[in-house]
1. Computing the accessible area with a 1.4 Å probe over protein heavy atoms, can you report the carbon and sulfur percentage for the stretch 423-493?
2. Taking the Cα centre of the chain as the origin, how large is its charge dipole in debye, to the nearest 20, when only Lys and Arg (+1) and Asp and Glu (-1) carry charge on their Cβ atoms?
3. Could you state the number of Å between the C-alpha centres of the stretch 125-159 and the stretch 66-82?
4. Any chance you could look up the accessible area of Val186 with a 1.4 Å probe, heavy atoms only, rounded to 10 Å²?
5. What value, in deg cm²/dmol to 500, does the helix sum -39500 (n - 2.57) over DSSP H runs of n ≥ 4 give at 222 nm once divided by the residues of the chain?
6. Taking square-rooted eigenvalues a ≥ b ≥ c of the alpha carbon gyration tensor, is the stretch 423-493 rounded, prolate or oblate, where a/c under 1.5 means rounded and, failing that, a/b exceeding b/c means prolate?
7. Each label point is 7 Å from the Cα along the Cα-to-Cβ direction; what then is the distance between the points at Val258 and Val149, in nm?
8. Work out from phi, with θ = phi - 60° and the Karplus expression 6.51 cos²θ - 1.76 cosθ + 1.60, the ³J(HN,Hα) of each residue of the stretch 114-126, listed in order in whole Hz, and give x for Gly and Pro.
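The values are calculated or read from the model by the stated rules, or taken from the named source; none is laboratory data. Computed from a predicted model, the values in this text were never measured in an experiment. Cβ: placed from backbone, ideal geometry, glycine included. Neighbour counts: every protein chain shown. The protein model used for the area step is the full one, side chains on, heavy atoms only, and it has no ligands, DNA or RNA in it. Shrake-Rupley method; radii C 1.70, N 1.55, O 1.52, S 1.80 Å.
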Amino acid sequence: MAIEHPESAPPAPSLSAAPAPASPERRIGVAGIVFVVVAASAPLTVAAGGIPQSLGVTGVLGIPLLYLLIAVVLALFSAGYAAMSRHITDAGAFYAYTAQGLGRAPGVGAAFVALLAYNAMQIGIAGLFGATAAEFVGARTGLDIPWWVLVLACTAVVGALGYRRVDVGVRVLAVLLVLEFGTVLVFDIGQFAHAPDGISATPLTWGAATDGSLGVALCCVFAAYMGFESAALYSEECRDPRRTVARATYIAVGLIGVFYAVTAWAMISGAGTGRATRVAAEQGPRMMFVLGDAGLGTVFSDVAQLFLITSLLAALLSFHNAVARYVRSLGREGVLPRGLGVLHPRHSSPHRGSLLQTGVTAVVIGVFALAGRDPVADVFTWLTNLGALGVILLLFATSASVVAYFARRPELAEPRWHRLVAPLLSGAALAVVFWLALTNFSVQLGVSAGNPLRWVLPGLILAAGAAGVAWGLWLRGARPATYAGIGSGGSAG
């Protein structure tokens, strides 16, 4: 566990002779935040991997409807989340909201869970990037490049972008997202145009959504939205944080939900409504490319595989930035060493958090590589499911925090719907999703119910939360001034 500098110690000096800024420059608008949020969900990755997995593993034909239903749940969550963002403009997001809603020690617990979850998501996606890029390069050049070499090269690129000003990374994400969306839209149009059984509304019916392993299907669908909540992490870099975060979150949820539902419907139509789940089970992640090759030609399939790699790169950059901002927020408030909270004197970026995250990725990937583990079956599957479980728990805690925060502040001008009703509804739904994810975790991992991983990985989430609460309680007794400032950085409310 990181040991903080003594209370009387001054902030660590900047690595540059120029003084470090106290706060980052406000360079991002609504569109920029939407790019960051949507990039984290990796639309092309979901289309190529998430949708076929949801169909094939669960046998649920109504996956399109489930995407829309989960979008409704997250829209309910966003009502309270957005309300909090108008009063708390801290880059700590879940950490700050939980600290001000449920208490400082639980806030530190949420921070530790967030660090574990986002690091796990980022490193897990890196494993899939390495496997996908190695296969792509090998098939076209004959070169047999180890997956971990490509991951380390990608990590260096992502680290360099994360080290610089946030708007540099946003511009990169904007280009990559346009390529992603264009590719998937072409695929969707092609599948609807060449549907062997015609276009059926059956995938949008309740009967189709509940016919199969509904619990697992909900978990698979929910995982596709990971990263939607990251808008609040950029509160201190928005031009108008009291409006930008709320608008960007609503737009992102709506855009992702409709886009995924339409793409799942198109994929089902292209495979044939009566056999889509069987085709998905047989072909898995190849389903999109096989259908694209048949309906649109090999050129589309090749281009789509290339853009799948850039989609993963965009997701990696988004999660990397999220981790860096959590680290900076915790360092600034003394929960982690204060040197981690210093901004770069020229880029105004959380560069030390970025460097730390880059180092953690390189070490963990190195451990998996030395152990001879598979980059998809082990690195990607284990870590992304671990991260998704942690984020679902954080969403539930945040819903509870919204209710508690506004209950203690009746004078704040927020409608009852935002401060109470919507958070309660979303909290109840998220509790159900978390329970389903936990009880179906072995299915998500692709292991037997008796496999130790089935409990070891969820145990890491609980251990991180408990360690954070314990650290917060220690700070309360040993460093009361630091404890008093937990979750307060950048707060305007």
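1. 72 percent
2. On the way: 29 positive and 23 negative charges, 267 e Å.
Using only the charged Cβ atoms, the result is roughly 1280 debye.
3. That distance is 35 Å.
4. Here the residue's solvent-accessible area equals roughly 70 Å².
5. Values: 19 runs with 333 residues, N = 493.
Rounded to the nearest 500, it is -23000 deg cm²/dmol.
6. Details: a/c = 4.12, a/b = 1.77, b/c = 2.33.
It comes out oblate by the Cα gyration axes.
7. Each label point lies 7 Å from its Cα, and together they span 4.5 nm.
8. So the J values, rounded to whole Hz, are 5, 4, 5, 5, 6, 4, 4, 4, 5, 6, x, 5, 4.
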